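Visitor: Input: one structure, supplied below.
Taken together, the values in this text are just the output of simple stated rules run on the coordinates, not laboratory data. Bear in mind that the values here come from a model prediction, so they are computed numbers and not experimental data. Heads up, the Cβs are rebuilt from the backbone with ideal geometry, glycines too, and the neighbour counts pull from every protein chain shown.
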């Protein structure tokens, strides 16, 4: 049983790190939208390519109607926080209960 427990703990830690990194990418992406950086910069393109597919899904359901404010980064961060609190904590609790 300790193998399954260690596996679940490792998966939960990897997911936690991945979600934290993606949350920082979303924050950087939203900050870059205020600065208007060079669109041909490879770093800017990478950040754009990492965040835009998720934003597109959210923008389908919540359009930017009021004052052209894009709520997609805020909603993505809320979803990430929910996943970190619910999914990862559930995996950790499951691992400890084995």
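Visitor: Go through segment 11-59 and give me each residue that's touching a helix residue (DSSP H, G or I) at 6+ places or on another chain (Cβ under 9 Å) and under 30 Å from residue 98 (Cβ atoms).
Guide: 11, 12, 13, 15, 16, 19, 20, 22, 23
Visitor: Is it the case, given these coordinates, that residue 38 is more than 20 Å from the chain's Cα centre (by Cα) and within 30 Å of residue 12 (Cα to Cα)? Quick ask: steps written out before the conclusion?
Guide: Numbers: more than 20 Å from the chain's Cα centre (by Cα): yes; within 30 Å of residue 12 (Cα to Cα): no.
No: the conditions fail for residue 38.
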